[in-house]
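The values are calculated or read from the model by the stated rules, or taken from the named source; none is laboratory data. None of the values given here were measured: they were computed from a predicted structure. Neighbour counts run over all protein chains shown; Cβ positions are idealised from the backbone, glycine included. To get the accessible areas, we keep the full protein, side chains included, count just its heavy atoms, and leave off ligands, DNA and RNA. Shrake-Rupley method; radii C 1.70, N 1.55, O 1.52, S 1.80 Å.
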Amino acid sequence: MYKNEFQALIKKYLDGDIDVDELKRLVNYYESFQESNEWVEELGPEEVLKNKMLITILESLETKRKVELISFYRRSFFKYAVAASLVLFLGITFFYTRERLNPEPIIVSNAIEAGSDRATLTLGDGSNIILNKGETFKTGSLKSNGKELVYSKTPKKQAKTIQYNYLTVPRGGQYSVELSDGSKIWLNSESKLKYPEIFKEGETRKVELVYGEAYFDISPSIENQNTRFIVSTGKQEVEVLGTEFNIKAYKDEFNIYTTLLEGSVVLNNNLRKKTEELIPGQQAILNKSTNEIKIAVVETRHEISWKNGLFSFKNKSLEDIMSVLSRWYDVEVKFVDEELRTVKFNGQLRKNQQLGNILELIKNTNFIDAYEIKNDSIILGRKK
């Protein structure tokens, strides 16, 4: 293999287009220039980590019959590619960014299934309707197929008074709703949305994300008598004309994150009377304590992966990762070793698998010597 072919494989690795055979060739080539000292100085000093990653790849290729590579994210391994990374297989790619020795693992595991489509709908009269995966429901202008609520587009002149509905998604759940104006909203685990059953004619369309996380695909104002659409989260209001964006506003988090994918939105800080306009690819971070807003450029795919059946983490601490997993699997997480909270990871995980599978993959990075699933709690630790 020549240098340009090696670099071509590196690019495929980083773009997530590499297959198993190409990965083998990449590993074999790396081993060959390790022996000949070719490019050694160019590749940098992290040989221990690189060797550990390569050994893991080789062992996985030899022992796993079915290997599905979902994606590979940009890390520096060589000077041209990924460093300090550990590739895990069986439908998951997971990386670690710190080095540690390999003590023998201790595992006590019970099956905890992934979350599913479920929610509670509260109607204007206060009655509750339980919505579960695969169970259909229909009443008046409202129907559900077991994963999505759909309100029929009833003429707005029939809405003389506003009747509010609430859609509450518990931990371990997810659900979506199509409002009477055609707007679609996806709710993540532990989220609650307040919205009118029918929007009043000629008035601003307004919903409230009471708490949690939601992805919004808003019907354009031109299709709704040029009325504005506003999403309130208590600390802020997001005004849109027709666009797609994500808001994360969990009660136990310090910030509210608003990420724009398409179109444009204007954020109004209710307390500071300050507005910020976002363009696609930007994220507004509102500190709930200081009410300060910071604007950052982000990779939107990481922010909305939950909607597409994935967990996607980029330079996230284990504490942040376990917070996400705890909502989806409805478990509590305890750290025996407090230092584990700050270990940084990158990677992508499928949501439709047992929690034990994910914990096993994280354990294989060798930062966690043991994990225990006890009732509805996860205990993470290291042997001393």
Exercise. From the list SER189, SER221, SER232, pick out the single residue that is touching a Lys or Arg at 6+ places or on another chain (Cβ under 9 Å) and closer than 23 Å to SER141 by Cα.
Key: SER221
Quiz item: Which one is surrounded by the most Cβ atoms within 10 Å (Cβ to Cβ), of the residues in segment 204-225 that are among the charged types (D, E, K, R) and under 19 Å from ASN268 (Cα atoms)?
Solution: GLU213
Quiz item: Within segment 166-179, is there a residue that is β-branched (Val, Ile, Thr), closer than 30 Å to GLU332 by Cβ and in a loop (DSSP other than H, G, I, E, B)?
Solution: no
Quiz item: Would segment 205-215 turn up any residue that is under 19 Å from ILE279 (Cβ atoms) and either modelled with pLDDT of 95 or more or among the aliphatic types (A, V, I, L, M) (or both)?
Solution: yes
Quiz item: Out of all the residues in segment 352-369, which are closer than 23 Å to GLU303 by Cα and open to solvent by less than 10 Å² (accessible area, probe 1.4 Å)?
Solution: LEU355, ILE358, LEU359, ILE362
Exercise. Determine which member of the set GLU104, GLU99 is in a loop (DSSP other than H, G, I, E, B), over 24 Å from PHE313 (Cβ atoms) and either at pLDDT 95 or above or over 22 Å from the mean Cα position of the chain (by Cα) (or both).
Key: GLU104
Exercise. Starting from segment 269-291, keep only residues that are under 16 Å from ILE304 (Cα atoms) and in contact (Cβ under 8 Å) with a residue 60 or more places away in the chain, then list their pairs with residues that are part of a strand (DSSP E or B) and of a type in the set (A, V, I, L, M) whose Cβ atoms are within a distance under 6 Å, requiring at least 6 positions of separation or different chains.
Key: none
Quiz item: Among the listed residues THR233, THR258, which satisfies the condition of being modelled with pLDDT under 95, in contact with a strand residue (DSSP E or B) (Cβ under 9 Å, 6 or more places away or on another chain) and among the hydroxyl-bearing types (Ser, Thr, Tyr)?
Solution: THR233
Quiz item: Can you list the strands (runs of 3 or more DSSP E) found entirely within segment 226-327 that contain at least 1 residues being closer than 30 Å to ALA114 by Cα and open to solvent by 20 Å² or more (accessible area, probe 1.4 Å)?
Solution: 244-249, 255-262, 282-287, 310-317
Exercise. Scan segment 332-384 residue by residue and report those that are assigned to a strand (DSSP E or B), under 23 Å from ARG171 (Cβ atoms) and not aliphatic (A, V, I, L, M).
Key: GLU332, LYS334, PHE335, PHE345, GLY347, GLN348, ARG350, TYR371, GLU372, LYS374, SER377
